[in-house]
């Protein structure tokens, strides 16, 4: 178990370092004069020269690489090219918006998807089961930004129940939650069907296993068997899929943020691209990579909490023996 | 403007009341609905509200509402033709041209800067203008230094009076004085606040910035110290909305009252009862440029062949869905010096083929066309590709993102360019529109790498000629030199579109290019 933990942590650190290296290489490989690319075509030659000196762009690439790694490891993601603000500060201001939206979307999807999946597993062949089988595939296939626009048209224009723009009054939790409903729903809808399908198939498999049969033979109540004994094991594949899907959700959140004009990392990235603000772009990408990698680590570790066989080293995380 | 309570507001209010026990600030937020508030879309966050270092049109619009100029354009005129603009005094009580190189001004007494920074003086005017080109502010040179290029000094005579001294006459001085580069900042505030002045600016105009929330909105409120004509609205909320579809939905749902718009949005929103769509000719230049140094384009007959092979109208249909008019020269009709008799080149395949034959490449050739990765430009490039293929010119499209596109013509890199589709956001001054084509811009903005003594001479004369008729003649002259070079295929000047509530009268400035929020009025 300890070996597994050490190996997962080491892999995580290596992935993060590898991502930093790729990020640096891509930034360095951008074609054209870096000052023009960063400052835009209006910069005077004198200002461009000043800027190159300040950003260290005239130094050899290996030296820049060392400085980049050193800065990142000390929490310094550089300065916004336009305003001179610290990128760390900008990313940290946007970060909670994206994370809260992603967490709300996952929460909503789990809250709806899991009961649906349980119902379908306990009533295979029912009308809801058939409906779920049909709609889940369709909903997964529709991109979240399309769902976002549809939700806006229906619930903000036809039925003017929800607002279109923004994340709400910063001092009002109620307003913020109210304005999070549509964007979170736009992200969650595709996942509801997927989670329900996963829970259904896993639960059906677990309900047919020996220990469940034994539990029934002992006369335990069916509800206790399903919710206490079967669901725990049936949930492991779902956690794996949701964990792996965090990246996809973050990607979807970027587009949803833009459509709902919400603050967040997505908006930050888009503005950074539009203004060729590479330090900001680097900072956001790095934070997303770290977030994604750490989430996957947490998901892996959660298996060990849920399945004692993994703790005892009888099977590997993810279910492979 | 949302004066009535709709269902959404009712629900917000109900939710807010329900949460009152937890969040005492909610009733206060609701109370803001009682003010006359206008919600305006900006495409991105405001970045630098310092006139000398503004980062774009979004910043400029707010700068014009929070700072005063010596003079401004008369807001009551509905202007499409920028050659017929009238000016009026703003911070100046009087402005007098002593000579072509000396302008005397006297400020109105009692014009107070916000946040207790005191009265505007001639020292503030000197500081505001000289920091563009004479003194690097905070060690940085202004990217708008060329606006004040002929400035020699601003001499202060007394507390309210001074003189603007120029090295050479400057025909476009009126444009500079009325533009964002003519805004007057508070010397003391800029020096004291440093970089924080960018987002906590101190001005003396009708509005002042009261809140800035990155990625969300900026709030402007009436400046209580302003003695002139008050703003038509108590409050402006500048909301950052990037996605065009979201703009449409927000306009439909009363969450935006004013926005600029893409042509596609104008169509879909034209029939919404509460909204008005204003369209006017644009002042951007969009053209297909040819590098005259690069073979085979160093032969003028090849350039003429390209021009003869292209059908500009078809390209515009593909690029802008027919929503823009065709350009035939650089200066647009509403700007001084428009060449109304400029030739209109119709597609002539036979002529194109014969010109290629005369150039010794009757079998055609292959070359690259560089374009920005935006639908309008890529669509036009695809049509050009098909049209040029008919005369044997095979085009490879080189589609790039903004970062690499805008550096493609710079320095020696620019020597590799062959053809490109370019957009240059215009201004009211013809010399500003023309400067990218001067010889000293080769390797900077002059991606055609075209050097013309005739152009340079006419350009220099136009910059200093104070007689508008004579100046217009010089401007036409330099456009003729461009025409003769066949290095430019003019495409369009685009179209400006604004959408607003019916009960709002926006102030978009001359030729629709200078949004001035403090002059927006309720109807």
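The values are calculated or read from the model by the stated rules, or taken from the named source; none is laboratory data. Note that the coordinates shown come from a computational prediction; the quantities given were computed from them, not determined experimentally. Glycine gets a Cβ as well: all are built from the backbone with ideal geometry, and neighbour counts include every protein chain shown.
Does segment B:422-432 contain at least one residue that is farther than 21 Å from residue B:176 by Cα, surrounded by fewer than 20 Cβ atoms within 10 Å (Cβ to Cβ) and away from every other protein chain (no Cβ under 14 Å)?
Checking segment B:422-432: not a single residue is farther than 21 Å from residue B:176 by Cα, surrounded by fewer than 20 Cβ atoms within 10 Å (Cβ to Cβ) and away from every other protein chain (no Cβ under 14 Å).
Would you please name the residue that is surrounded by the fewest Cβ atoms within 10 Å (Cβ to Cβ), looking only at residues in segment A:55-89 that are part of a loop (DSSP other than H, G, I, E, B) and within 11 Å of chain B (Cβ to nearest Cβ)? Show your work before the answer.
Let us first name the residues in segment A:55-89 that are part of a loop (DSSP other than H, G, I, E, B), namely A:56-60, A:74-78, A:80-85.
The next check asks that each one be within 11 Å of chain B (Cβ to nearest Cβ); those that pass are A:80-85.
Details: A:80: 19, A:81: 21, A:82: 22, A:83: 20, A:84: 12, A:85: 17.
Result: A:84.
Let me confirm something: among B:215, B:242, which residue is under 22 Å from the mean Cα position of the chain (by Cα) and outside any strand (DSSP E or B)? Please lay out each step first, then the result.
Details: B:215 fails: under 22 Å from the mean Cα position of the chain (by Cα).
Step by step, each of B:215, B:242 is checked, and only B:242 is under 22 Å from the mean Cα position of the chain (by Cα) and outside any strand (DSSP E or B).
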Review point. Given the residues B:147, B:124, which is the only one that is buried (at least 23 other Cβ atoms within 10 Å of the Cβ), out of contact with any strand residue (DSSP E or B) (no Cβ under 9 Å at 6 or more places or on another chain) and not in a loop (DSSP other than H, G, I, E, B)?
Key: B:147
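Have a look at B:425, B:373 and point out the one that is at pLDDT below 90, touching a strand residue (DSSP E or B) at 6+ places or on another chain (Cβ under 8 Å) and within 22 Å of residue B:493 (Cα to Cα).
Values: B:425 fails: touching a strand residue (DSSP E or B) at 6+ places or on another chain (Cβ under 8 Å).
Selected residue: B:373, the only one of B:425, B:373 that is at pLDDT below 90, touching a strand residue (DSSP E or B) at 6+ places or on another chain (Cβ under 8 Å) and within 22 Å of residue B:493 (Cα to Cα).
Among the candidates A:190, A:166, which residue alone is more than 14 Å from chain B (Cβ to nearest Cβ) and either modelled with pLDDT of 85 or more or touching a helix residue (DSSP H, G or I) at 6+ places or on another chain (Cβ under 7 Å) (or both)? Walk me through how you get there before you give the answer.
On the way: A:166 fails: more than 14 Å from chain B (Cβ to nearest Cβ).
It is A:190.
Examine segment A:90-106 for a residue that is outside any helix (DSSP H, G or I), farther than 30 Å from residue A:201 by Cα and within 14 Å of chain B (Cβ to nearest Cβ), and state whether such a residue exists.
There is no residue in segment A:90-106 that is outside any helix (DSSP H, G or I), farther than 30 Å from residue A:201 by Cα and within 14 Å of chain B (Cβ to nearest Cβ).
Would you call residue B:252 within 14 Å of chain A (Cβ to nearest Cβ) and under 24 Å from residue B:521 (Cα atoms)?
Values: within 14 Å of chain A (Cβ to nearest Cβ): yes; under 24 Å from residue B:521 (Cα atoms): yes.
When the stated conditions are applied, residue B:252 passes them.
Just name the residue that is surrounded by the most Cβ atoms within 10 Å (Cβ to Cβ) out of those in segment A:271-281 that are within 7 Å of chain B (Cβ to nearest Cβ) and in a helix (DSSP H, G or I). Lay out the reasoning, then the answer.
First pass over segment A:271-281, keeping only residues within 7 Å of chain B (Cβ to nearest Cβ): A:271, A:274, A:276.
After this cut, where a residue has to be in a helix (DSSP H, G or I) as well, the list is A:271, A:274.
Details: A:271: 22, A:274: 13.
Of everything passing the filter in segment A:271-281, A:271 is surrounded by the most Cβ atoms within 10 Å (Cβ to Cβ).
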Exercise for review: Within segment B:426-451, track down each residue that is farther than 12 Å from residue B:285 by Cβ and touching a residue at least 40 places away in the same chain (Cβ under 8 Å).
Suggested key: B:428, B:429, B:431, B:447, B:448, B:449, B:450
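Do any helices (runs of 4 or more DSSP H) lying entirely in segment B:1-118 carry at least 1 residues that are at negative phi, within 14 Å of chain A (Cβ to nearest Cβ) and at pLDDT below 70, and which ones are they?
Details: elements: B:7-18, B:26-31, B:57-66.
The helices (runs of 4 or more DSSP H) meeting that bar are B:7-18, B:26-31.
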Point to revise | Residues located in segment A:249-258, provided they are within 15 Å of residue A:190 (Cβ to Cβ) and within 11 Å of chain B (Cβ to nearest Cβ) | key: A:255, A:256
Practice item. Kindly indicate whether any position in segment B:478-485 is modelled with pLDDT under 95, surrounded by fewer than 22 Cβ atoms within 10 Å (Cβ to Cβ) and out of contact with any strand residue (DSSP E or B) (no Cβ under 8 Å at 6 or more places or on another chain). Key: no
Check your understanding: Is one or more of the residues making up segment B:289-305 without any contact (Cβ under 8 Å) to a residue 60 or more places away in the chain and either touching a helix residue (DSSP H, G or I) at 6+ places or on another chain (Cβ under 8 Å) or more than 30 Å from residue B:415 (Cβ to Cβ) (or both)?
Key -> yes
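Got a number for residues in segment B:201-218 being without any contact (Cβ under 8 Å) to a residue 60 or more places away in the chain and within 13 Å of another protein chain (Cβ to nearest Cβ)? Please lay out each step first, then the result.
Let us first name the residues in segment B:201-218 that are without any contact (Cβ under 8 Å) to a residue 60 or more places away in the chain, namely B:210-211, B:213, B:216-217.
If we keep only those that are within 13 Å of another protein chain (Cβ to nearest Cβ) too, we end up with B:211, B:213, B:216-217.
Selection size over segment B:201-218: 4.
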Practice item. Of all residues in segment B:371-392, count the ones that are touching a helix residue (DSSP H, G or I) at 6+ places or on another chain (Cβ under 7 Å) and not in a helix (DSSP H, G or I). Key: 5
Point to revise | Condition met for residue B:488 (on the phi < 0 side of the Ramachandran plot, free of Cβ contacts under 8 Å to residues at least 40 places away in the same chain and buried (at least 18 other Cβ atoms within 10 Å of the Cβ)) | key: no
**Study point:** Residues of segment B:163-198 satisfying the condition of being within 14 Å of another protein chain (Cβ to nearest Cβ) and within 24 Å of residue B:89 (Cα to Cα)
**Key:** B:180, B:181
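Let's see how each residue does on (1) away from chain A (no Cβ under 14 Å); (2) closer than 15 Å to residue B:41 by Cβ; (3) in contact with a strand residue (DSSP E or B) (Cβ under 9 Å, 6 or more places away or on another chain):
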residue	(1), (2), (3)
B:224	yes, no, yes
B:248	no, yes, yes
B:277	yes, yes, yes
B:287	yes, no, yes
B:292	yes, no, no
B:297	yes, no, yes
B:307	yes, no, yes
B:319	yes, no, yes
